[in-house]
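The values are calculated or read from the model by the stated rules, or taken from the named source; none is laboratory data. Bear in mind that the values here come from a model prediction, so they are computed numbers and not experimental data. FYI the Cβ positions are ideal-geometry reconstructions off the backbone, even for glycines, and counts take in every protein chain you see. Keep in mind that these areas ignore ligands, DNA and RNA; they rest on the heavy atoms of the full protein, side chains included. Shrake-Rupley method; radii C 1.70, N 1.55, O 1.52, S 1.80 Å.
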Amino acid sequence: MEVLSRSEDQENYNDFDPRKYLDQFYAVDEDHKMTEEAIFLFTFMKNVFSSGHVEGNSLIEIGAGPTICHILSACENFKQIYLTDYLERNLQEIEKWIKGDKEAFDWSPHLKCVCDLENHRSTEEEKAEKIRRKVSLMKCDVTKANPLEPNSLPLTDCVIVAACLICACKTVEEFKTALKNIVSLIRPGGHLIVNDYLGASYYLVGKAKFSVLSLDENILREAVTESGCEIQEFATFTDLQFPDEVFNCNVSFCLQARKH
């Protein structure tokens, strides 16, 4: 649930606390056991990036928020990775980890989980070093035709959009426009990967409540097609463990699409 653009809720997002968000949605128990949803996501990403079809010079994650977890497999396949978000404090949270700040969120259980799924293609330390070496941080705003404005990059080989577009968009039309803006960053033949939620309308971080756009699968597929991409892989996960008062979500999904 990362922040991507200005909206009617912008004042509320001034209260968005990246560390509370991480502790609430990404923390693990004392046994370092991953949730089934996290394993679903990591397995999907591992399968996509071990296929040999999704690789290249650069990858951009739009709306990374304060997390690195969506690039844990991707870091093996790209020379340069750009993590972007609308909120500067989300990027600052990632920067803490990149710099090895002792106050940074501990991603080691997530690194271990992905290394296990990948049959130890890399060690946890090697994977962390690759991410720290390859990642650059950048602001983004998906309401703009160039979401990276005022910056620009050569067309990228892959874009990841994870757990964020339903937060940035209030209507289906806004969602479709934002997705088209994002796909404009991808080279022809490049890839789009989306991880998000269907059927949700709100989530809480601490006591702060944030509204999200409720999508269904048909609207999602229509938006991806209209953006100029063809869906090649689509998977859903329905055994979500969030208390309804924290996040009223029915379905998590992952998709991988190829730009025409």
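Annotations for the structure displayed:
- If you go through segment 208-217 and keep only what is touching a helix residue (DSSP H, G or I) at 6+ places or on another chain (Cβ under 9 Å) and part of a loop (DSSP other than H, G, I, E, B), you end up with 212, 213, 214, 215.
- Among the residues of segment 34-52, those identified as surrounded by 12 or more Cβ atoms within 10 Å (Cβ to Cβ) and not in a helix (DSSP H, G or I) are 34, 35, 51.
- Single unsatisfied condition, residue 119 versus (1) open to solvent by 10 Å² or more (accessible area, probe 1.4 Å); (2) assigned to a helix (DSSP H, G or I); (3) of a type outside the set (D, E, K, R): (2)
- Subset of segment 238-260 [of a type in the set (D, E, K, R) and either closer than 14 Å to residue 203 by Cα or outside any loop (DSSP other than H, G, I, E, B) (or both)]: 244, 245, 258, 259
- Of the residues making up segment 159-207, those that are assigned to a helix (DSSP H, G or I), touching a Lys or Arg at 6+ places or on another chain (Cβ under 8 Å) and open to solvent by less than 10 Å² (accessible area, probe 1.4 Å) number 1.
- Breaking point among (1) among the hydrophobic types (A, V, I, L, M, F, W, C); (2) under 23 Å from residue 22 (Cβ atoms); (3) within 15 Å of the chain's Cα centre (by Cα), for residue 179: (2)
- Taking the criterion of being part of a loop (DSSP other than H, G, I, E, B) and more than 20 Å from residue 259 (Cα to Cα), the residues of segment 55-95 that qualify are 64, 65, 66, 67, 68, 72, 73, 86, 87.
- Hits in segment 96-108 - residues which are crowded, with 16+ Cβ neighbours inside 10 Å and either touching a Leu at 6+ places or on another chain (Cβ under 7 Å) or part of a loop (DSSP other than H, G, I, E, B) (or both): 104, 105, 107
- Scanning segment 53-81 for residues that are open to solvent by 10 Å² or more (accessible area, probe 1.4 Å), among the small types (Gly, Ala, Ser) and closer than 22 Å to residue 94 by Cα yields a total of 1.
- Residue 133 vs. criteria modelled with pLDDT of 95 or more and either surrounded by fewer than 21 Cβ atoms within 10 Å (Cβ to Cβ) or farther than 20 Å from residue 225 by Cβ (or both): yes
- Entry remark, segment 214-258: residues being open to solvent by less than 50 Å² (accessible area, probe 1.4 Å) and closer than 27 Å to residue 34 by Cβ number 17 in total.
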